[in-house]
Structures are given as C-alpha cells and as structure tokens.
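Some notes on the structure that comes next.
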Amino acid sequence: MKHRDTDYLYISTRLKARAQSLFSREKLNRLIAARSGQDAIKLLTENGWQPFDPDDLAACEAEIARQQQEAFELLYRYAPDRGMIDLFRLKYDYHNLKAVIKADALGVDPSGLLSAAGTIPPATLLAAAREKEYGRLPAAMKGPASEAADLLARTGDPQLSDLLLDRAMCAQMLTMAQDTDSEFLIGYVRRMIDLQNLRVLVRASRAKKGLDYLRRALFPGGSVTVSGATGEISPDWLRAKFSHPAFSAPVEAACAALAGQNLAALDLACDNALISYLRGCSLVPFGEAQVIGYLLAKEAELVSIRTVMVGRHAGLSPEQITERLRISYV
C-alpha cells in the first residue's frame, strides 16, 4: 500500500526532535576524551542511556540492544508502514541464519553469537538448522537457507554459503523496498548493493579470484552495472564504472586498497557514503525518508558508541579510536 507523505506528519515531527539527541561528532569526541569510564557513562546517561559498568562490555552490549529495541518499538508504534522497518532488521535475521547453519555443521552452540534484533526469534532459526526444517522459515528465506546448508555440507567452505545468503538477503531487501514504493528506500538499497559490489571487486582482485567467484559474489540489483568484471580489476576500470560523484571517496579508497593499503579504509568510506545518502532526508520536512533516516542514524550512533567504548576498554588512544569512527548523521 502506498502511503502519502502527510501520513508521516506526526512520526516525522517526533523523529526530528529525537534526532537532535543523537550523538553528534562533538558528543562522540567528548565521549572519547572522557577522563574515566565513569565520566563516559555520565555523558551517556545525560543522553538517555541507562548506566552500566564501563569495564563490562557485555553490559554495554545489553544497553546497546535495549536502545535499538526501543527505537524499533517507537517506529512500529507510529510509522504507517512497518515493512520498511522490517527491511532493516533483515540483516540480523541473515546474520543469525549464517551462524546457525555453520554451528550445526560444526556441532557447536551458536547462542552467544545470535542477535535479538531480527524479525525471526533466534530460537526458531536454531531449531530449523538443527532439525533441517527450513520450510518453517519465511518464503523468501527458506530456499536460500536450505541451499546454503547443502552447499556447506558438500564443499566445507563457509564463505560460499555466506555469499549465497548475502545475495539472497540483498534480493529480499530490494523486493521489500520496491513493495513500499519509496523511491528514497529503493535508492538506499541500490546504493548499498553498489557499495557492497565495490568491496567484492577489490577483495576478489587482491585475492586473485576468478570469474567463477565473481559470478557467485557480485550482487544483482544495484545501479552500477558491473558486467565485464574479471579477476583483474584496475583503478581506471573502477573509476569508469563507479563514476557518480556519490562514489568518489569509496572509489579512491578502493583504488588505494588495490595498491595494497588497508581494506578497513574502504569499509569506512563505503559506510560514510551511505550515511551521506541518509543526510539527504534531513532536508525533507516529512515522509518515509524521515523514518528510514532516523532508524539508520540510530544504528550508526550505536555502532559509533560501541566503537568508542570498546576502544577505551582496549586502551586505544583517542586518535586510534577517532580514525575508526564513521561520519555522524547529525
């Protein structure tokens, strides 16, 4: 069902107000520079977080999960279309699915690796893997799940089964985006696919993977046509294919990675490009873009705070923590 922008008036107003409390880069810098763990927690609690022991990373993860669930509940309560919210929970479902399939093959318990942020209870996925009953999963997932489990059993290569599930996830996300009729959401998913393909091309070239690998690994549905790719990817080829200005920073990071530099810089540039896309919704007074933007902005905030708290716990310098941070939505 296509909703009108005016259907989002109330939730857009609420989210614009809540977005002001998200951690800006200035707040993140203060969190990094806090003299003690308790000072860091004080800053978090001033911004609506529940207190926890700064030396207990499990407690930190629990509060991050609570914050995320609170955001989901708010959006479900007021957003006209919950399908767009489910779309962004899908990656947690596929993360859990990959974990339970590999754990079943190894005969280990993956419970500690499973996230509660998906739309499918982790226990349901765990039971499906243990009992080989993937038919109980949603229609779009059950075929890929069964195929991935079979592929892993035949080849013993978890990378191949993960690639199969990643492709299935992206295809399902694009279908769900198209079902919402939101051009903003469709554009986000297509850009996400393009940036994932950029990463795949660079990693395939560095590992000297051949055409067979690329056929398995590249994601369909993006706005950039990557047909004609071979195992030998040149900087000029990347710049020609990903010529849109939105890809300029990721492409330059990709070219540097082809020359042997750190792949982490490429991942950072790709994540920043997606956040930059989201910033465009701040110019829209109301509509589904506000819901999508807030949801992903909240997720970006949680990733950044996790990066800071884990970095502080590990004894990293402020400079080392800062260089790992994505750009801020606000």
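The values are calculated or read from the model by the stated rules, or taken from the named source; none is laboratory data. The structure displayed is predicted, hence computed values, not measured ones. Backbone-built Cβ (ideal geometry, glycine too); neighbour counts: all protein chains shown. The accessibility values were calculated without ligands, DNA or RNA, using every heavy atom of the protein model including side chains. Shrake-Rupley method; radii C 1.70, N 1.55, O 1.52, S 1.80 Å.
In a DSSP loop and with at most 15 other Cβ atoms within 10 Å, the trypsin sites (Lys or Arg not before Pro) in region 22-69 are R35.
Projecting label points 7 angstrom from Cα along Cα→Cβ for S234 and Q50 puts them 5.7 nm apart.
On the chain, 53 percent of the accessible area sits on carbon and sulfur atoms, based on a 1.4 Å probe. Hey, what did region 130-257 get for relative contact order, percent, Cα under 8 Å, at least 6 apart? Reported as a whole number, the value is 19 percent. With K and R counted +1 and D and E -1, the other residues having a Cβ less than 10 Å from that of A34 yield a net charge of +3. Peptide packing for 310-320, 170-180, 184-194 was compared via the average number of neighbouring C-beta atoms within 10 Å per residue; ordered from the highest value, the list is 184-194, 170-180, 310-320.
Calculated FRET efficiency, E73 to E133, Cβ-Cβ distance, R0 = 22 Å: about 0.15 to the nearest 0.05. Region 150-172 and region 18-53 have Cα centres separated by 39 Å. Here K298 is the anchor, and the lysines within straight C-alpha reach of less than 18 Å, apart from those fewer than 8 places off in the same chain, are K16, K27, K91. Working from Cα pairs under 8 Å separated by at least six residues, relative contact order for the chain is 24 percent.
In the context of the full set of protein chains, the chain has a per residue accessible area of 47 Å² (1.4 Å probe).
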